[in-house]
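The values are calculated or read from the model by the stated rules, or taken from the named source; none is laboratory data. Every value quoted in this text rests on a predicted model; they were computed, and no experiment measured them. So basically every Cβ, Gly included, is an ideal-geometry build from the backbone, and we count neighbours across all protein chains shown. Only protein heavy atoms, including side chains, enter the accessible area calculation; ligands, DNA and RNA are left aside. Shrake-Rupley method; radii C 1.70, N 1.55, O 1.52, S 1.80 Å.
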Amino acid sequence: MSKLYISYYGDFVSIVDGYYKKDKFIVDDVYFLSSDEIEPNFTDKYNLLKYAIKQIQSKSKKAVLCLDTNDVIVKSNKIAKIEPKDLDAIMSMEIDEMISLERDEYTFSYEVLREFSEHGEEYLDLILAGLYTKEVETIIDIFTENNLK
């Protein structure tokens, strides 16, 4: 099934509509748009994203969004290796201290980059991210309006 891969950098958006098939990526459509082509002085940070999603003629219902790193706070961290089933609970309690942001203002996420050994101990390398919750809600609203998950 096709999926939209959206890269949004404030004044530029690219959307690739495609899917993986036997170790190949099949591209159904590609759409690039700059704010200069539409309205150079958008007042709403997400107007270009809204416009671009409406323009692409896709039947895809799923999307992956990549945001400008200026909008997302990112930090790497190393923790002692724990079982995957326990990781969510630990991260839920610890992520706000690891990334030093206000929990009620941000939405947090993490990803395990690798497992490794150091001095006979097992560790996990993590990438932590935080984005203003209001921005997450705005993006979810845009996706919902366009029937995207």
(request) Tabulate in residue order the Karplus-calculated ³J(HN,Hα) for the range 81-96, using 6.51 cos²θ - 1.76 cosθ + 1.60 with θ = phi - 60°, rounded to whole Hz; enter x for Gly and Pro. (result) 5, 10, 5, x, 5, 8, 5, 4, 5, 5, 5, 4, 7, 9, 4, 5
(request) Kindly write out, for the range 138-146 in residue order, the coupling ³J(HN,Hα) from the Karplus curve 6.51 cos²θ - 1.76 cosθ + 1.60 (θ = phi - 60°), rounded to whole Hz, with x marking Gly and Pro. (result) 4, 5, 4, 4, 4, 5, 4, 4, 9
(request) Indicate, rounded to the nearest 5 percent, the antiparallel portion of the DSSP beta bridges found entirely in the range 1-93. (result) 75
(request) Mind scanning K3/K50; K3/K85; K3/K78; K22/K61; K24/K149; K54/K75 and naming the pairs with a C-alpha gap bigger than 26 Å? (result) K3/K85; K3/K78; K54/K75
(message) Would you calculate the convex hull of the Cα atoms in the range 34-118 and tell me its volume per residue in Å³?
(response) 174
(message) In the chain, once you exclude exposed GluC sites (Glu not before Pro) (DSSP loop, at most 15 other Cβ within 10 angstrom), what's the longest stretch remaining?
(response) 1-101
(request) Mind computing the radius of gyration and Dmax over the alpha-carbon atoms of the chain? Å is fine for both. (result) 18.3, 57
(request) Report, in deg cm²/dmol and to the nearest 500, the calculated mean residue ellipticity at 222 nm for the chain, where each DSSP H run with n ≥ 4 adds -39500 (n - 2.57) and the sum is divided by the residue count. (result) -8500 deg cm²/dmol
(request) Work out from phi, with θ = phi - 60° and the Karplus expression 6.51 cos²θ - 1.76 cosθ + 1.60, the ³J(HN,Hα) of each residue of the range 119-134, listed in order in whole Hz, and give x for Gly and Pro. (result) 6, x, 10, 9, 9, 10, 8, 10, 10, 10, 9, x, 9, 3, 4, 4
(message) Just the number please: accessible area per residue for the range 102-149, 1.4 Å probe, all protein chains included, in Å².
(response) 68
